[in-house]
Amino acid sequence: MVRNLLTIFAIVLFITACANSCVKPVPAREFFKDETATQRLMREMQDMADFAALEAEKAYERLSDDEKMEAVVYE
């Protein structure tokens, strides 16, 4: 039983190592080199929206339970 588990673990470890060695990292500059002005603008707008959402999430996390409940509206 233990031998089978170790064999499975070794196989998974080997496959993971092979998969990771085949991936070649690409610098960000090279990834965006064929980007048009419109695509760059859309990417920058998406980045700004993502950052604004992250800031809002962090601000919400800092609120106390009482402050969070003040915004709840019961209909």
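Compared with the dominant Cα axis of the chain, that is its longest principal axis, helix 37-62 is turned about 70°.
The aspartates and glutamates whose alpha-carbon is closer than 12 Å to the alpha-carbon of LYS24, local same-chain residues fewer than 8 away aside, do not include any residue. Checking the a/c ratio against 1.5 first, then a/b against b/c, what shape does the Cα gyration tensor give for the stretch 2-69? It comes out oblate by the Cα gyration axes.
Rounded to the nearest 10 degrees, the inclination of helix 2-22 to the longest alpha-carbon principal axis of the chain is 70 degrees. For LYS68, neighbours were defined as the other residues whose beta-carbon sits under 12 Å from its Cβ, and their charges (Lys and Arg +1, Asp and Glu -1) total -4.
Throughout, read-outs are computed from the coordinates displayed, never taken from laboratory work. All values derive from a computational prediction rather than experimental measurement. When we count neighbours, we look across all protein chains shown, and the Cβ atoms used for this are built from the backbone with ideal geometry, even at glycine.
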